Amino acid sequence: MALLTRVRAYPASEARPGSQDEQDTRPARTCGHSPYCCPVDWSLLTCARKGHITYAPDETQLREQLHVPTPSGEAWRCLRCGTYVHGEPHGGGPAANAPLVPRGRALRDAFIMRFFAVERGIRGVIVALAAWGVWKFAHSRESIQQIFEREIPILKPVAKQIGLDLDNSKIVTAIRHVFELKSTTLVWVAVALLVYAAIEIIEAVGLWMLKRWGEYFAVIATSFGLPIEIYELTEKISPLRIGALVINVGLIVYIVISKRLFGVRGGKAAHEAHLRSESLLEVEQATHEPDLHGRALAKSAGTAEPTAQASKESPAP
């Protein structure tokens, strides 16, 4: 396991962490609900699970900002969580060739996408099992029907004891209606269920891999299923159906807005630009450019001041 070090020099005017002055002056970290509630550091959590990613850019200024010498050896700043890690960098080269490492909010979005992927995968497996059951039933319908009709008279006395009338039961009527279906009809039902299961599994794979085609596929496929779910609610309202509709609508809205699909909020170009803007190297470059500009202004002001002073001291002709 790599040794982690956060290297920082504290001037005399700044309080050191843990000191009484620092405890009195530092602002409370809040998340809007409680002064003791801190936001989740997705970057640090991901590095704890997958490991750090370090990179040595060829540009001198960036290299100095990402590298620090320590008594234990050189340390490089992680491109994901910003922690300094001892040891050789994992890669090097021009800053433009550095890996685009997701950080912060991008990692949170990835977690949500994979949550939806797990939900779609579980649903796909359940529907696939249902398709297999219908297919098996289509090829063993007669034997199952004989067992069903033989057991019904035996269950009638027991059903009467608990207040059920099997002769007028809607469940029994529905089962007998299924027995009357043709084998070809049942096979087509199994095929339809299998296709639906395949769609769900493709959604799960695309969302889990965080692919853009998976996001488009999930939105389009889920949108086609919304009219059916709304129609089912008009037939009968149940918590399961309401929950499924809320999850699907939430998935569509979240993916379209956060991933900028179909040209929303600038589309793909704006989404990729946003990811690059959150890259640690981009941030370091952005903070370095104002420093250079400030130094240039200070240098020009410093050279102009002696000139103005000399012109004041020179005697008038």
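The values are calculated or read from the model by the stated rules, or taken from the named source; none is laboratory data. Keep in mind that what you see is a predicted model, and the values were worked out from it rather than measured. Note that each Cβ is placed from the backbone with ideal geometry, even for glycine, and that neighbours are counted across all protein chains shown. Heads up: the accessible areas ignore ligands, DNA and RNA and are worked out on the full protein's heavy atoms, side chains in. Shrake-Rupley method; radii C 1.70, N 1.55, O 1.52, S 1.80 Å.
Of note:
- Selection status of Thr222, surrounded by 13 or more Cβ atoms within 10 Å (Cβ to Cβ), hydroxyl-bearing (Ser, Thr, Tyr), touching a helix residue (DSSP H, G or I) at 6+ places or on another chain (Cβ under 9 Å) and free of Cβ contacts under 8 Å to residues at least 40 places away in the same chain: yes
- Within segment 199-210, residues that are closer than 13 Å to Val125 by Cα have Cβ atoms under 7 Å from residues that are part of a helix (DSSP H, G or I) and open to solvent by 80 Å² or more (accessible area, probe 1.4 Å) in no pair, counting only partners at least 6 apart in sequence or on another chain.
- Looking across segment 225-245, just one residue is of a type outside the set (A, V, I, L, M, F, W, C), open to solvent by 70 Å² or more (accessible area, probe 1.4 Å) and not in a helix (DSSP H, G or I), and that is Lys236.
- Count of segment 137-151 residues which are among the aliphatic types (A, V, I, L, M) and more than 17 Å from Lys182 (Cβ to Cβ): 1
- For Leu194: the one exception among (1) touching a residue at least 12 places away in the same chain (Cβ under 8 Å); (2) open to solvent by less than 80 Å² (accessible area, probe 1.4 Å): (2)
- Test: residue in segment 144-154 that is closer than 30 Å to His274 by Cβ, open to solvent by 30 Å² or more (accessible area, probe 1.4 Å) and either outside any helix (DSSP H, G or I) or not charged (D, E, K, R) (or both): no
- Subset of segment 53-75 [among the polar types (S, T, N, Q) and either within 11 Å of His86 (Cβ to Cβ) or within 30 Å of the chain's Cα centre (by Cα) (or both)]: Thr54, Gln65, Thr70, Ser72
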